[in-house]
């Protein structure tokens, strides 16, 4: 995809290296916490949990918690357990998502449900969610607990909203953005916000970090949506057209459907709504997306959110951490390159 | 089943009426809270949640929280939200259990997953769990949060343990009791314990209520296990032999298998382990259970736990509430009558 600007490209080349470097010491403690908290006498629990946790995710969300806490000069060690909680919440969501989506692959490996069954995926997800709350309680900050427990409910609400909207090609862009604001961006927002809450910073910093997280999460999801029609399996850990085959209505499709003629709308209805997919349909879908510049429009929307995310950070004085959080935005968007 | 003593019978005839009466005013507030907290702009959420919540469960667990809080003279209104949280945790577990067990029926009605699909059951369960934690956070008691979040992790751990033990006829009675101590009794224990925690009572009362809940939960589950081979669909909301058909290893089977000869063990292996069930097999199973007095032994075990539950309550001075909590034990056990 050639929609990425030169500035984005150069900023993105640094990628999340700065964020990784600045949070490295804390991240080692988070990883140790994650490892110890997946431990259980029930052997299947660490097996399933670690299959996913060790499968090479970037751990972007816990890194955000660590960076936000550092940016707010949060004292103590609470941010370590909160970051681990955030990763557990994310992992639990992935385990349940795979069951809901009937996915075969996750991060380039067989989904846990293919190896251990749907049952284990549901239950180990529940276990991780329980452990996440346990760690939050140990930290003892009621404001952080409120932020993260609200996020847990909102994420699930967003997923149900998506389920209800699934197969509905008339889903508007606004409704779709509501869905991903809940199912994806809410955890990014909470991951960032707890940094300010733990440091007992004022409303301005809290709102800024929450807004940064929301906008970054939205950008992240939209780029994911675009990549699904333009990336490759190696990069994303899934195949081009997974969303298409699963009948998922994402922004690129919403745009192409809206801009398409009757024949094209009939095509989207047959493939995504009725689930009748024949040889060559993915190529037809890709051609329609290209004709209506639907991927470009999706990436443009992501870039807008990225700009909002960066603008939100300006409430903080310049620092290496702030730069690193800005780079994370560019990195997310430049994945579409 | 004729294993219930005359005393149990007369105590049980009062049933949980006293408990219902003593908690009626609070329970009305809990029900209103439950109703408002299943609300969501996403229509599917209240639909699925209320299908189960309104399906005529006894709400024993939240009643226990209310009774324990009253017994400890807990001030304020925190017990209302905690009781609602307990019911949400229970409902979430049921929704996920039905997916895990591939159940068709729950409380005499089609399971939610049969009406809305596994996807909605998983996600609405997650939503309810999130809402449960939100309410607990609003109450603001870190000790209660600790008790209930630990229970959430332990319940899931117990379910995974059961999954791992499933099909394993060599499961010992001790292992099985560990499973149900986690998957069933942990929530009963936490539901009771938060009453003492909210009132900031001392260790003696806390331990007593936790132990009462654990033993009541164990007794409750064992009677359920026995009823599955001897009750009727109307009473339990499921059919005789559901556990058998699902290949669940419960205490009656563990006992019959242990006491059986080679031929009988081969029968249990074929039906429960390998899942090959033919016409007449349920009758054969029932005959084997009767021959080895496996149901009587299971109920005897339940009665032992019931006695422990009642003994634990004696740390509290005599009162109508204490009597009602004792009656609840007799009620649970006499269900086997």
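The values are calculated or read from the model by the stated rules, or taken from the named source; none is laboratory data. Nothing here was measured: the structure is a model prediction, and the numbers come from that model. No Cβ is skipped: glycine too gets one built from the backbone with ideal geometry, and neighbour counts run over all protein chains shown.
For the stretch A:95-109, the criterion of a residue being modelled with pLDDT of 90 or more, touching a helix residue (DSSP H, G or I) at 6+ places or on another chain (Cβ under 7 Å) and more than 9 Å from chain B (Cβ to nearest Cβ) is satisfied by at least one position. Check the stretch B:59-76 and report whether any residue there is away from chain A (no Cβ under 13 Å), outside any helix (DSSP H, G or I) and closer than 23 Å to residue B:110 by Cα. Within the stretch B:59-76, one or more residues are away from chain A (no Cβ under 13 Å), outside any helix (DSSP H, G or I) and closer than 23 Å to residue B:110 by Cα.
How many residues, within the stretch A:243-253, are more than 20 Å from residue A:333 (Cα to Cα) and assigned to a helix (DSSP H, G or I)? Residues in the stretch A:243-253 being more than 20 Å from residue A:333 (Cα to Cα) and assigned to a helix (DSSP H, G or I): 2 in total.
Of all residues in the stretch B:185-205, which are more than 16 Å from residue B:322 (Cβ to Cβ) and buried (at least 22 other Cβ atoms within 10 Å of the Cβ)? Before the answer, list the steps.
Here is the first cut: in the stretch B:185-205, the residues more than 16 Å from residue B:322 (Cβ to Cβ) are B:185-191, B:193-194, B:197-198, B:200, B:202-203.
Matches in the stretch B:185-205: B:185, B:186, B:187, B:188, B:189, B:190, B:191, B:193, B:194, B:197, B:198.
Taking the conditions (1) within 20 Å of residue A:170 (Cα to Cα); (2) surrounded by fewer than 17 Cβ atoms within 10 Å (Cβ to Cβ); (3) within 25 Å of the chain's Cα centre (by Cα) in turn, residue A:256 satisfies each one other than (2). Among the residues making up the stretch A:131-153, none is surrounded by fewer than 22 Cβ atoms within 10 Å (Cβ to Cβ) and under 30 Å from residue A:295 (Cα atoms). Note on the stretch A:1-44: among residues that are part of a loop (DSSP other than H, G, I, E, B) and away from every other protein chain (no Cβ under 14 Å), the one that is modelled with the highest pLDDT is A:23.
Matching residues to (1) surrounded by fewer than 24 Cβ atoms within 10 Å (Cβ to Cβ); (2) in contact with a strand residue (DSSP E or B) (Cβ under 7 Å, 6 or more places away or on another chain); (3) under 20 Å from residue B:117 (Cα atoms):
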position: A:70; (1), (2), (3): yes, no, no
position: A:85; (1), (2), (3): no, no, no
position: A:110; (1), (2), (3): yes, no, no
position: A:119; (1), (2), (3): yes, no, yes
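Going by the structure shown, is residue A:84 in a helix (DSSP H, G or I), within 12 Å of chain B (Cβ to nearest Cβ) and under 29 Å from residue B:137 (Cβ atoms)? Against the criterion (in a helix (DSSP H, G or I), within 12 Å of chain B (Cβ to nearest Cβ) and under 29 Å from residue B:137 (Cβ atoms)), residue A:84 does not qualify. Checked against the criterion of being in a helix (DSSP H, G or I), farther than 27 Å from residue A:187 by Cβ and modelled with pLDDT under 95, the stretch B:119-138 has no qualifying residue. If I filter the stretch A:110-124 down to residues being farther than 19 Å from residue A:155 by Cα and free of Cβ contacts under 8 Å to residues at least 40 places away in the same chain, which single residue comes out as farthest from the other protein chains (Cβ to nearest Cβ)? Per the criteria, the residue is A:110.
If you go through the stretch A:139-161 and pick out every residue that is more than 7 Å from every other protein chain (Cβ to nearest Cβ), in contact (Cβ under 8 Å) with a residue 40 or more places away in the chain and assigned to a helix (DSSP H, G or I), you end up with 7. For the stretch A:162-182, does any single residue satisfy the condition of being over 30 Å from residue A:266 (Cβ atoms), more than 10 Å from chain B (Cβ to nearest Cβ), out of contact with any strand residue (DSSP E or B) (no Cβ under 8 Å at 6 or more places or on another chain) and modelled with pLDDT of 95 or more? Yes, there is a match, as at least one residue in the stretch A:162-182 is over 30 Å from residue A:266 (Cβ atoms), more than 10 Å from chain B (Cβ to nearest Cβ), out of contact with any strand residue (DSSP E or B) (no Cβ under 8 Å at 6 or more places or on another chain) and modelled with pLDDT of 95 or more. Considering every residue within the stretch A:125-138, establish whether at least one is facing chain B (nearest Cβ under 7 Å) and at positive phi. For the stretch A:125-138, residues facing chain B (nearest Cβ under 7 Å) and at positive phi: absent.
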